[in-house]
Amino acid sequence: MNDVLSVDTDRLWSRLMAMAEVAATPAGGSNRQALSDDDAAGRELFVGWARRAGCSIETDAVGNLFARRPGLDPDAPPVVLGSHLDTQPTGGRFDGVYGVLGGLEVLETLNDRALRTVAPLEVAVWTNEEGSRFPVSMMGSAVWAGALGRQLGAYLELHIEQGPVLEESGSRIGVVTGVQGFRWYTVTLSGLPAHAGTTPMDRRRDPARALAAALAGLYESILAGGPAARVTPAQFRSQPVSPNTVPAEVTFSLDLRHPDAAVLDQIEDLARRIIGDSAARHGCEHRVHLDNDSPPVTFDERCVAAVAAAAETCGYRHERIVSGAGHDACHVAIKAPAAMIFVPCRDGLSHNEAESIEPIAAGEGATVLLHAALELAGTPDPD
């Protein structure tokens with residue numbers, strides 16, 4: 001590894017820790033929700049670093065930031081390295097932030113070595129990726145993808161895995177080939193409100209009993225989708241809000257995920273049948289409303305190959321992996337060649353103040369990003 005170009009891990013880590021102090025939480029995380037004063041402070045810190053690195057700064061109508069390092073060919077489509085700086089209310093120090101500062105570290109390393117690329121390099125800071133303060137998540141990249149005014153040569157996003165696969169396998173780098181699809185629903189089960197003390201159990205049209213049956217069926221049936229299938233019921237609410245009245249209505253959210261669109265269709269059909277049968281069995285009505293449909297994403301093979309080759313060049317153990325979480329790269333991939341790089345995080349924990357990665361892992365991921373960016377942006381032929 002001594003003869004392989006690598007980033008300055010100490011500088012990268014120092015900046016990660018400095019950014020973490022912007023709206024730090026008592027439990028060691030960060031709370032920079034999108035478009036808040038704290039989010040603005042984090043962006044200001046990044047812009048200061050980027051300007052000192054010689055970058056020009058552009059901001060689009062939705063607030064996405066782009067820090068640009070010129071290339072030898074000013075007309076070449078830029079290669080963009082990006083992620084986000086906004087966090088969950090009780091977010092960690094690395095989700096999103098690592099990709100932004102890792103991208104900046106790539107530019108700093110090239111400056112240190114006086115290395116030029118043919119295509120310009122940019123670091124993108126996407127607005128409101130988390131969706132915790134304003135719906136919907138990945139908003140900035142979605143708006144950008146829908147109103148694209150320029151061409152990109154490629155897009156690379158460096159990120160913590162947010163899951164346990166790499167840590168358990170011992171791989172240092174995840175070469176992300178795509179992102180699983182997900183669908184969100186609002187499920188409503190409607191029965192008949194009645195007195196909790198006077199109404200016999202066999203005379204009730206109780207949506208809570210329909211809910212219990214539906215949940216049992218959903219958890220059992222998801223196994224039919226194989227180990228990649230995911231089902232998550234949440235946000236349970238009942239009306240009226242009273243401890244001694246059989247509810248008139250119970251609602252909950254339902255999150256279904258799978259990397260294969262055809263299997264996701266099958267899981268949805270099965271979930272709808274289970275919910276309908278459970279409601280009918282207990283004399284209830286039901287509605288299943290689709291709120292969000294994010295199809296599976298397959299990343300560009302050239303970009304994926306560039307990441308894999310970079311990991312190989314650096315001598316890091318790596319494996320191909322599908323992301324279980326959505327990322328800005330999903331939207332960018334609609335309009336431009338894209339791929340992602342994962343590094344392991346402790347216990348697979350994310351969206352949590354205890355989220356953690358090792359400094360060496362931060363440096364390794366950024367070094368892979370560096371080599372993949374050089375491959376995609378091109379370097380001048382030696383004289």
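Values in this text are rule-based calculations from the coordinates and carry no lab data. Worth saying up front: this structure is predicted, and the values here are computed from it rather than measured. Please note: Cβ atoms are built from the backbone with ideal geometry, for glycine as well, and neighbour counts cover all protein chains shown.
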- Query: Label-point separation (nm) for Asp265 and Gln235, each offset 7 Å from Cα along Cα-to-Cβ?
  - Reply: 2.7 nm
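For the chain, what is the relative contact order in percent, using Cα pairs closer than 8 Å and at least 6 residues apart in sequence?
25 percent
How high is the FRET efficiency from Ala224 to Met17, r the C-beta distance, R0 45 Å, rounded to 0.05?
On the way: r = 45 Å, r/R0 = 1.01.
Step by step, r from the Cβ atoms, then E = 0.50.
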- Task: Taking every pair of alpha-carbon atoms in the range 181-294, give the share separated by more than 18 Å as a whole percent.
- Result: 49 percent
- Query: Quick one: Trp13, Trp144, fewest Cβ neighbours within 10 Å first, how do they rank?
  - Reply: Trp13, Trp144
- Query: Most exposed first by the Cβ proxy, i.e. fewest other Cβ within 10 Å, how do Ser190, Ser56 rank?
  - Reply: Ser56, Ser190
- For n ≥ 4 DSSP H runs only, could you compute -39500 (n - 2.57) per run for the chain, divide by its residues and tell me the 222 nm figure to the nearest 500? -11000 deg cm²/dmol
- Message: With the alpha-carbon atoms as the only input, what is the per residue convex hull volume for the range 214-264 in Å³?
- Response: 87 Å³
- Hey, any idea what the orientation-averaged projected area of the convex hull of the range 87-186's Cα atoms comes to, in nm²? 9.4 nm²
- With R₀ set to 45 angstrom, the calculated FRET efficiency between the beta-carbons of Asp202 and Leu35, to the nearest 0.05, is 0.25
- Query: With the contact rule set at Cα under 8 Å and sequence spacing of 6 or more, what percent relative contact order holds for the range 181-294?
  - Reply: 47 percent
- Using the Karplus curve 6.51 cos²θ - 1.76 cosθ + 1.60 with θ = phi - 60°, work out ³J(HN,Hα) for each residue of the range 255-262 in order, rounded to whole Hz, and write x for Gly and Pro. 10, 10, 9, 6, x, 10, 4, 5
- Hz values of 3J(HN,Hα) by residue in the range 57-71 - Karplus curve (6.51, -1.76, 1.60), Gly and Pro given as x: 10, 10, 10, 8, 5, 9, x, 5, 9, 9, 9, 10, 9, x, x
- Query: Along the range 323-338, what does the Karplus equation 6.51 cos²θ - 1.76 cosθ + 1.60 (θ = phi - 60°) give for ³J(HN,Hα), rounded to whole Hz, x for Gly and Pro?
  - Reply: 6, x, 10, x, 9, 4, 4, 4, 6, 4, 5, 5, 10, 8, x, 8
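Using the Kirkwood radius over Cα pairs, work out the Stokes-Einstein diffusion coefficient for the range 127-189 at 10 °C and 1.306 mPa s, in µm²/s as a whole number. Please list the in-between numbers first.
Working: Rh = 15.2 Å.
Rounded to a whole number, D works out at 104 µm²/s.
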- Message: Let me understand the chain better: what is its radius of gyration from the alpha carbons, and its Dmax, in angstrom?
- Response: 23.6, 92
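Quick one: His351, His84, His331, fewest Cβ neighbours within 10 Å first, how do they rank?
Values: His351 17, His84 30, His331 25.
Result, fewest neighbours first: His351, His331, His84.
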- Note on the structure: For Ala76 and Glu319, extending 7 Å from Cα along the Cα-Cβ vector and measuring point to point gives, in nm, a value of 3.5 nm
- Item | Cα-based Rg of the range 321-383 normalised by 2.2 N^0.38 Å, two decimals | 1.42
- the range 1-120 - Rg (one decimal) and Dmax (whole number), Cα, Å: 15.1, 47
